[in-house]
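Undergrad: Handing you a structure now.
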Amino acid sequence: MTGPRDAPVVVVGAGIGGLAAALEIAARGERVLVLERAAAPGGKMRHLAIGDARIDGGPTVFTMRWVFEELFATAGARVEDHLTLQPVEVLARHGWQQGGRLDLFADIKRSAEAIGEFAGPAEARGYLEFCARAKRTYEALEGPFIRGSRPTPMTLVSRAGIGGMGRLLQTAPLSTLWDALGGHFKDVRLRQLFGRYATYVGSSPFLSPATLMLIAHVEQSGVWLVEGGMHRVARAIEGLATSQGVQFRYDAHVAEILTASGRVRGVKLADGEVIEASRVVVNADASAIGTGKFGAGVAKAVDAVPWARRSLSAVTWAMHVRTQGFPLVRHNVFFSSDYPEEFADLTRRARLPATPTVYVCAQDRGDDDRALDAPERLLVLINAPARGDTQPASEAALAAAEQAGFALMRHCGLEVERDPAREIRTTPAGFEALFPATGGALYGQATHGWQASFSRPGARTRLPGLYLCGGSAHPGAGVPMATLSGRHAAAAVLEDRR
Ligand SMILES: Cc1cc2nc3c(=O)[nH]c(=O)nc-3n(C[C@H](O)[C@H](O)[C@H](O)COP(=O)(O)OP(=O)(O)OC[C@H]3O[C@@H](n4cnc5c(N)ncnc54)[C@H](O)[C@@H]3O)c2cc1C
């Protein structure tokens, strides 16, 4: 066996963060081996098969195209040569228990008109002010936080400079997203609509800082449909990484990270095989290290996240079924009538909500909402607390939440012709089994309180040679952010190697 310095960089996990790290490290001339416990790349960006239908069972909203353009460029490639991306005009269609239907468009003016008709001219003005504020928030944070390595409050301020400091304070980190939205919208339905952006990072709008309104700007800057489904993004990066010499081994569960003389020296697979590594980049959830899933030797390198600080999990139903009634577009949201209670259930009471909001991704549709005369692919999602490890939801609780969610869709006009043989349900316990040490949390730590963004670990851990990437590391969850975390990990590995 070769010594660790000559051994490859081992990446544990082929989620989007691991793929990005592997691609970039290999593109700079290092040997890279990716070990993935599943049979395919993508992690949460997985495909589920129901008969011949392939359904995206994870992320469905593709944003921040520039992140992928910059990643592909590191390997001298262009996104458009590997993926076919189609911009959407209708960002999402929304329905409410208490009545009303509203489309949000990529074109802000069109959205303002729709909001004016839906809730009156004052709300349309509030929306335009909100968009301007969300844009300022995003611009204040893109350089110092999103693109930069993990900051502390002090380094964030120094990166932003004096002018940027004022802009950072305007992001209102001390008020909650829900309260900030109250300054723009009187209509509670609009507060719900824009508050829902907190759930894009698995958080509650009642506990998240107003800063999260930047997600509204991200979506406003472009949402794309990926031909062949989101899983294609993972496959495209896997292909590109292979062309740069990265080796992939699937069905390879890393059971232990090995150390010698206070630094990483390799990994041991579940079947006992030992693989030497010069450095190890972990794309599994950071808590897997802190809870000892990679052995006692590395457990102190990263802190585990207690369940109360975990982001939300979900119950999802991938389906291939007929629908009628409500004219679905690609992204659809049906809001519960009592948002404060829904999030009190999800966070304080840590139980499935009695009145869940339901997201439906209709994957055979774009902006066109014509009735389909055939079964169609759906991903239906309700939020859930991430207690799949210690307090998995009972079948009765799951059945009650399911009943409430599908009743809400019916109430809003959507009939789903269900067929148990053509559905795959995933619960928080199911997500925990797929992504160990998360409890089913899909987005690492929750972004609750202004300090939360600073408590996520960065690319470097306390143990030399051990690095992190993925949604549980800086800059956070979501496909583009996890991709950026992979790039941060690659930068740290390459810098330390020098
Ligand atoms: C239902 C759902 C909907 C979502 N919607 C969106 C959306 O619309 N837009 C968006 O941007 N984001 C969305 N997200 C979030 C997004 O999918 C994630 O933030 C992102 O994909 C996480 O990537 P990651 O790099 O953290 O890796 P992960 O996807 O978490 O992958 C980690 C990989 O590590 C592997 N692994 C773990 N332990 C080991 C081990 N011991 N040995 C070997 N391999 C191991 C796992 O098998 C997995 O493949 C959604 C997620 C889900 C589940």
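Undergrad: Which count do you get for residues in segment 258-288 that are touching a residue at least 40 places away in the same chain (Cβ under 8 Å), within 12 Å of the ligand (Cβ to nearest atom) and touching a Gly at 6+ places or on another chain (Cβ under 9 Å)?
TA: Going through segment 258-288 one residue at a time, the tally reaches 9.
Undergrad: Of the numbered conditions (1) outside any loop (DSSP other than H, G, I, E, B); (2) closer than 28 Å to Gly262 by Cβ; (3) away from the ligand (no atom under 12 Å from the Cβ), Val11 fails exactly one; give the number of that condition.
TA: Result: Val11 fails condition (3) only.
Undergrad: I'd like to check something: does segment 453-465 contain any residue that is within 16 Å of the ligand (Cβ to nearest atom) and aliphatic (A, V, I, L, M)?
TA: Yes, the conditions are met somewhere in segment 453-465.
Undergrad: Moving on. Regarding segment 16-31, can at least one residue be identified that is surrounded by fewer than 24 Cβ atoms within 10 Å (Cβ to Cβ), modelled with pLDDT of 95 or more, within 11 Å of the ligand (Cβ to nearest atom) and of a type in the set (D, E, K, R)?
TA: Scanning segment 16-31, I find no residue that is surrounded by fewer than 24 Cβ atoms within 10 Å (Cβ to Cβ), modelled with pLDDT of 95 or more, within 11 Å of the ligand (Cβ to nearest atom) and of a type in the set (D, E, K, R), so the answer is no.
Undergrad: Farther than 16 Å from Phe435 by Cα and touching a Leu at 6+ places or on another chain (Cβ under 7 Å): which single residue out of Ala73, Ala77 fits that description?
TA: When all the criteria are applied, what remains is Ala77.
Undergrad: Within segment 84-166, which strands (runs of 3 or more DSSP E) (wholly inside it) include 1 or more residues that are modelled with pLDDT of 95 or more, surrounded by fewer than 18 Cβ atoms within 10 Å (Cβ to Cβ) and of a type outside the set (A, V, I, L, M, F, W, C)?
TA: Counting at least 1 such residues, we get 85-87, 101-105.
A quick yes/no check of all residues on (1) closer than 23 Å to Pro209 by Cα; (2) more than 28 Å from the chain's Cα centre (by Cα):
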site: Trp96; (1), (2): no, no
site: Ala119; (1), (2): no, yes
site: Phe130; (1), (2): yes, no
site: Arg136; (1), (2): yes, no
site: Glu142; (1), (2): yes, no
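Undergrad: Find all pairs meeting these conditions: Cβ atoms under 8 angstrom apart; at least six residues apart or on different chains; first residue within segment 437-448 and under 12 Å from Gly478 (Cα atoms); second residue open to solvent by 10 Å² or more (accessible area, probe 1.4 Å) and of a type in the set (Asp, Glu).
TA: Listed by first residue and then by second, the contacts come to Gly444/Asp285.
Undergrad: Mind listing whichever residues of segment 32-53 are at positive phi and either open to solvent by less than 10 Å² (accessible area, probe 1.4 Å) or within 18 Å of the chain's Cα centre (by Cα) (or both)?
TA: Just the residues of segment 32-53 that are at positive phi, to begin with: 42-43, 51.
Gly42, Gly43, listed by residue number.
Undergrad: Looking at (1) part of a helix (DSSP H, G or I); (2) within 16 Å of the ligand (Cβ to nearest atom); (3) within 30 Å of Lys268 (Cα to Cα); (4) open to solvent by 40 Å² or more (accessible area, probe 1.4 Å), which is the only condition Arg5 fails?
TA: (2)
Undergrad: Does Gly449 count as under 24 Å from Ala344 (Cα atoms) and surrounded by fewer than 22 Cβ atoms within 10 Å (Cβ to Cβ)?
TA: Yes: the conditions hold for Gly449.
Undergrad: For segment 440-494, what are the residues that are of a type in the set (Ser, Thr, Tyr) and part of a helix (DSSP H, G or I)?
TA: Ser453, Ser455, Thr483, Ser485, listed by residue number.
Undergrad: Taking helices (runs of 4 or more DSSP H) that fall entirely within segment 212-325, which contain at least 2 residues that are open to solvent by less than 40 Å² (accessible area, probe 1.4 Å) and under 23 Å from Ala386 (Cα atoms)?
TA: 286-290
The values are calculated or read from the model by the stated rules, or taken from the named source; none is laboratory data. It should be emphasised that the depicted structure is a prediction, and the values quoted were computed from it without experimental measurement. Every residue, glycine among them, receives a Cβ derived from its backbone with ideal geometry; neighbour counts consider all protein chains shown. For the accessible areas, the whole protein counts, side chains as well, though only heavy atoms, and no ligand, DNA or RNA atoms are used. Shrake-Rupley method; radii C 1.70, N 1.55, O 1.52, S 1.80 Å.
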